[in-house]
1. Residue 55 - would you say it is surrounded by fewer than 20 Cβ atoms within 10 Å (Cβ to Cβ) and over 16 Å from residue 298 (Cα atoms)?
2. What's the total number of residues in segment 125-145 that are at pLDDT below 95 and either assigned to a loop (DSSP other than H, G, I, E, B) or in contact with a helix residue (DSSP H, G or I) (Cβ under 7 Å, 6 or more places away or on another chain) (or both)?
3. Since residue 84 meets every condition but one in (1) surrounded by fewer than 18 Cβ atoms within 10 Å (Cβ to Cβ); (2) over 20 Å from the mean Cα position of the chain (by Cα), which condition does it not meet?
4. Write out, first by first residue and then by second, each pair whose Cβ atoms fall under 7 Å of each other, whose residues are 6+ apart or on separate chains, and whose first residue, in segment 275-291, is more than 12 Å from residue 265 (Cα to Cα) while the second is modelled with pLDDT of 85 or more and assigned to a loop (DSSP other than H, G, I, E, B).
5. Can you say whether residue 141 is more than 15 Å from the chain's Cα centre (by Cα), surrounded by fewer than 16 Cβ atoms within 10 Å (Cβ to Cβ) and either closer than 20 Å to residue 298 by Cβ or in contact (Cβ under 8 Å) with a residue 12 or more places away in the chain (or both), as far as the supplied structure shows?
6. Return yes when residue 243 is on the phi < 0 side of the Ramachandran plot and either assigned by TED's automatic domain parsing to the domain that holds residue 16 or at pLDDT below 95 (or both) and no when it is not.
7. Is at least one residue of segment 188-201 assigned to a helix (DSSP H, G or I) and in contact with a strand residue (DSSP E or B) (Cβ under 6 Å, 6 or more places away or on another chain)?
8. Applying the selection to segment 151-189, what residues are loosely packed, with under 15 Cβ neighbours inside 10 Å and farther than 17 Å from residue 224 by Cβ?
């Protein structure tokens, strides 16, 4: 397979590394305007670089990966759908609801298309293990979910494209909280926000650096998200309360390791007739030291192409539901997702 990769920043490099390991890939072509960041990924698969102004070999591409800043995503995704039809696009799917609708319209107009969005958190081992423990035979039905996902912007954050409304579209909710919203829907199905508070508390760049969102499933199950750009200690914490126990996924296997070791706490409900310590049930802790989410995500996408079947992960409908939530949260909070530059 011959793969086109647009953008060679943080995510573009990760995707190229994964493609280098995939047995079906024979060539990688990277389109990147900044010649300073070009560096051939380690591996035996031939990798070449093009400028955006160079002729793009759409006709011979088997798959296209969009790994660009948010303001470029929509136009590239639409063109890739039209010219190739097999597209893997990083989250978020556009800067706002209008951007997403343009992508959806192009997808609907492309017969036999395959469009996947990058929501790799679903494939993290702690999340997959937690999913297997829900329901009959496990910890029973879900009673509630809570998620905290946040990072420290760092000294250079104000200069980053993510801090510029016209480029990013939204703040920490769109940039990182979107992953937790997607996980909520993995466990609970479609959700709607019932209350939300957004704050630009620290960075002062015109985008939210803290988002507090209360949601409800179609069955009435509540979920609460705190998405933050001012958590000075990088944090991933997903808590799932069930009828017969609870699950707590913490830490996240990442490139930097700053979120800590990934683990899953499994606790079973025990009343005073079962334990000597009421409210302190016995817990099992499972650690994970290998993250295969990136590889599994790309492998599933390429397999769907080869087998001429629909994708099973990161689909257009899943992305649409999470973008609807974000659209409604911004409307509820009384602000637009994209602000014009001053």
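The values are calculated or read from the model by the stated rules, or taken from the named source; none is laboratory data. All of these numbers come straight from a predicted model, not from anything done at the bench. Reconstructed Cβ throughout: ideal geometry from the backbone, glycine too, with neighbour counts over all protein chains shown.
1. Considered against the rule, which asks whether it is surrounded by fewer than 20 Cβ atoms within 10 Å (Cβ to Cβ) and over 16 Å from residue 298 (Cα atoms), residue 55 comes out as yes.
2. The initial filter retains those residues of segment 125-145 that are at pLDDT below 95, namely 135-138.
Now restrict to residues that are either assigned to a loop (DSSP other than H, G, I, E, B) or in contact with a helix residue (DSSP H, G or I) (Cβ under 7 Å, 6 or more places away or on another chain) (or both): 136-138.
The number of residues fulfilling the criteria is 3.
3. Status for residue 84: all satisfied but (1).
4. 275/281; 291/124
5. Values: more than 15 Å from the chain's Cα centre (by Cα): yes; surrounded by fewer than 16 Cβ atoms within 10 Å (Cβ to Cβ): yes; either closer than 20 Å to residue 298 by Cβ or in contact (Cβ under 8 Å) with a residue 12 or more places away in the chain (or both): yes.
Yes; evaluated as a whole, the condition is true for this residue.
6. Here the answer is no, as residue 243 does not meet what is asked.
7. Checking segment 188-201: at least one residue is assigned to a helix (DSSP H, G or I) and in contact with a strand residue (DSSP E or B) (Cβ under 6 Å, 6 or more places away or on another chain).
8. So the first thing to find is which residues in segment 151-189 are loosely packed, with under 15 Cβ neighbours inside 10 Å, and the list is 154-156, 158-161, 189.
The answer is 154, 155, 156, 158, 159, 160, 161.
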